[in-house]
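For reference, the structure discussed in these notes is given below.
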Amino acid sequence: MGVRPDSETFDYVIVGAGTAGSLLAARLAKEPGITVCVLEAGPGDLRPDVRVPAGYVKALTQPSIGWNFRSQPIPGGQALPLYQGRIVGGSSSINGMIYVRGQPEDFDYWASLGLPGWSYRDVLPYFKRSETRIGFGDDTVRGRAGPITVGDVGWSHHTSDAFVKAAQGAGWDWNPDYNSGTQEGVAYVQQTVRRGWRATPAIAMLRTALRSGSIDLKTRARAVQIMFDKQRAIGVRYVRSRGGVEKTVMAKREVILCCGAINTPRLLQVSGVGDGEMLAKIGVPVVHHLPGVGENLRDHFVSRIVMRARDGVTTLNQIARGPRLLAEGVRWMLGRPSALTLSPSHVFLSCRSDPELSRPDLQCMFTPGSFGRNRAGHLDSLAGVTGAWWQHRPKSQGYVRALTRDMFVDPEIQPNYLAALADQTTMISGMRLISTLLTRVELAPVLSEMIQPPSMPGTDEEILAFCRASGTAGCHFVGTARMGPDGDPLSVVDDQLRVHGIEKLRVADASIMPTIPSANTYAPTMMIGEKAAVMLLS
């Protein structure tokens, strides 16, 4: 492939300044003499709805800083909005800041697939490397000197305290650190907030690294094609706008894709790496037939019960409005505990839907507020609380497929939520469990009645219908460029994150996860970025 005379050349070209990409760029730039170009499709992250933690309720759905994809209709349900960040920081700039690593068995399973270096013992140092844990934690498993602050939620609410007591009354132990390697139990959430501000790899690491002059961060630069010389990646084409002039950046060492589990497979496909038959349908010449690209999409499917608060009980529905919101803003500016520092959920519960299971299979979250018609960013006018649940490790798999060579046309995305019978069974058990917790005696003084659904469904079929009709995407997308050994026909990268059959091309984001971990995927994605940096520099 010919190289434009006006192209720029760097040691590394990273596509995507998200959770892993911004971290990886900052780590690479510490090496003397290394130059890095980072292409980010979105704008910079210096905006209040990103920097102030509670701003996530607006940032999550903003089309100016998000991809705002939409799924195909899910089995037995409807099409769903799928949110990913299109901004410096990626989804770490719009997510709920909740820090959950997962269960050790998640990573040990990866290693058992023929992926040396990915067991819990192997990845633990990379979790520790990125964090500064503020608060309780065993220093053998928690980091104390990393760039990302991980603290306990700094604002309390009496309904959250009552939910914790309800969980304990139902038999679950208090867990002072669910990221210790033992996840089961109830706790207040851990979140990436520093001194009242959202903490992300882009803010804590990339911003500082840019001062070195070793990184060229190009914002509003959408990658449209990976450039190849035969089967070796040599650079990336990008544009500033649809129909704009194509520009190129060349990589002397490697191209690394950090676009996330939707855009990474799409970029591979429009560049000629993917299933040959699918590529032929959209008129893309095949560079390398790799049928696993875009397959194995996994995500958490979230359902919620909303309860009305009793008269006189104030929740976030009132606190986030009028004079009370102004008062919280003053507290935040003074560095005092404030609702403006909150994650979307307040309490974390990892539990088993069946006592006979060997480890937890459900994650439940409690929020001292309720959102209108299950829509993110729209608080109800009445005082309420929300209990949410999802299956830790769903079996259902979907796909991402480019529909055209045009990177400005959304791909076809089918998450296939609740397609697997095991997932249906677990979600049904989860609704019964969360309903029981929300109606326990410990919460009776503060909660009155169920308002979504109006009453608890009686049969399994009715529960499943409710979940399908009202559930939402967890937006923890993984798996579409999954790791696997050379003999695995549907794997996309090897244990060193190198794309099978292609030289000088790696993937370092959530798409490489073979299975979804028992976690919000923010922390595992940072771990992948840290591990990729060591691979590239070793």
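The values are calculated or read from the model by the stated rules, or taken from the named source; none is laboratory data. Everything numeric in this text was worked out from a predicted model, so none of it was measured. A quick note on method: Cβ atoms are made from the backbone with ideal geometry, for glycine too, and the neighbour counts reach across all protein chains shown.
Report whether or not Val293 is assigned to a loop (DSSP other than H, G, I, E, B), aliphatic (A, V, I, L, M) and surrounded by fewer than 22 Cβ atoms within 10 Å (Cβ to Cβ).
Details: assigned to a loop (DSSP other than H, G, I, E, B): yes; aliphatic (A, V, I, L, M): yes; surrounded by fewer than 22 Cβ atoms within 10 Å (Cβ to Cβ): no.
So Val293 does not fit the description; no.
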Got at least one residue in the stretch 35-43 being within 29 Å of Ser338 (Cβ to Cβ) and in contact with a strand residue (DSSP E or B) (Cβ under 8 Å, 6 or more places away or on another chain)?
yes
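Which residues, taken from the stretch 154-186, are within 26 Å of Ser353 (Cα to Cα) and in contact with a helix residue (DSSP H, G or I) (Cβ under 8 Å, 6 or more places away or on another chain)?
To start, the set of residues in the stretch 154-186 that are within 26 Å of Ser353 (Cα to Cα) comprises 159-186.
Of everything in the stretch 154-186, those that are within 26 Å of Ser353 (Cα to Cα) and in contact with a helix residue (DSSP H, G or I) (Cβ under 8 Å, 6 or more places away or on another chain) turn out to be Thr159, Ala162, Phe163, Lys165, Ala166, Ala167, Gly169, Ala170, Trp174, Asn179, Gly181, Val186.
With respect to Leu382, is the statement that it is assigned to a loop (DSSP other than H, G, I, E, B), at negative phi and hydrophobic (A, V, I, L, M, F, W, C) true?
yes
Would you mind finding the one in Asp410, Asp406 that is surrounded by fewer than 23 Cβ atoms within 10 Å (Cβ to Cβ), in a loop (DSSP other than H, G, I, E, B), under 22 Å from the mean Cα position of the chain (by Cα) and of a type in the set (Asp, Glu)? Walk me through how you get there before you give the answer.
Working: Asp406 fails: under 22 Å from the mean Cα position of the chain (by Cα).
After ruling out the rest, the residue left standing is Asp410.
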Does any residue of the stretch 514-526 turn out to be of a type in the set (Phe, Trp, Tyr), outside any helix (DSSP H, G or I) and under 23 Å from Pro201 (Cβ atoms)?
no
Given (1) small (Gly, Ala, Ser); (2) without any contact (Cβ under 8 Å) to a residue 24 or more places away in the chain; (3) crowded, with 16+ Cβ neighbours inside 10 Å, number of the condition Ala419 does not satisfy
(2)
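For the stretch 480-515, name all the residues that are closer than 19 Å to Gly90 by Cα and of a type outside the set (Lys, Arg).
So in the stretch 480-515, the residues closer than 19 Å to Gly90 by Cα come out as 480-481, 506-513.
Matches in the stretch 480-515: Thr480, Ala481, Val507, Ala508, Asp509, Ala510, Ser511, Ile512, Met513.
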Matching residues in the stretch 67-86 - criterion: being assigned to a loop (DSSP other than H, G, I, E, B) and not small (Gly, Ala, Ser)
Trp67, Asn68, Gln72, Pro73, Ile74, Pro75, Gln78, Leu80, Tyr83, Gln84, Arg86
Give the stretch 332-375 a look and list any residue that's hydrophobic (A, V, I, L, M, F, W, C) and over 23 Å from the mean Cα position of the chain (by Cα), or say none.
Trp332, Met333, Leu334, Leu357
Can you say whether Val141 is among the hydrophobic types (A, V, I, L, M, F, W, C) and touching a Leu at 6+ places or on another chain (Cβ under 7 Å), as far as the supplied structure shows?
yes
When the stretch 449-484 is examined, which residues are found to be closer than 30 Å to Cys258 by Cα, assigned to a loop (DSSP other than H, G, I, E, B) and not hydrophobic (A, V, I, L, M, F, W, C)?
Gly471, Gly474, His476, Gly479, Thr480, Arg482, Gly484
Of (1) more than 23 Å from the chain's Cα centre (by Cα); (2) assigned to a loop (DSSP other than H, G, I, E, B), Ile434 satisfies all except one. Which?
(2)
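Looking at the stretch 42-54 only, could you name the residues that are outside any loop (DSSP other than H, G, I, E, B) and either of a type in the set (Val, Ile, Thr) or in contact (Cβ under 8 Å) with a residue 12 or more places away in the chain (or both)? Spell out how you get there, then give the answer.
Taking the stretch 42-54 first, the residues outside any loop (DSSP other than H, G, I, E, B) are 48-51, 53-54.
Those that are outside any loop (DSSP other than H, G, I, E, B) and either of a type in the set (Val, Ile, Thr) or in contact (Cβ under 8 Å) with a residue 12 or more places away in the chain (or both): Asp49, Val50, Arg51, Pro53, Ala54.
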Just the residues that are free of Cβ contacts under 8 Å to residues at least 60 places away in the same chain and hydroxyl-bearing (Ser, Thr, Tyr), please, taken from the stretch 334-372.
Ser358, Thr367
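Only one of these is at pLDDT 95 or above and either within 30 Å of Ser435 (Cβ to Cβ) or assigned to a loop (DSSP other than H, G, I, E, B) (or both): Val255, Val236, Val306, Val249. Name it.
Numbers: Val255 fails: either within 30 Å of Ser435 (Cβ to Cβ) or assigned to a loop (DSSP other than H, G, I, E, B) (or both); Val236 fails: either within 30 Å of Ser435 (Cβ to Cβ) or assigned to a loop (DSSP other than H, G, I, E, B) (or both); Val249 fails: either within 30 Å of Ser435 (Cβ to Cβ) or assigned to a loop (DSSP other than H, G, I, E, B) (or both).
Step by step, each of Val255, Val236, Val306, Val249 is checked, and only Val306 is at pLDDT 95 or above and either within 30 Å of Ser435 (Cβ to Cβ) or assigned to a loop (DSSP other than H, G, I, E, B) (or both).
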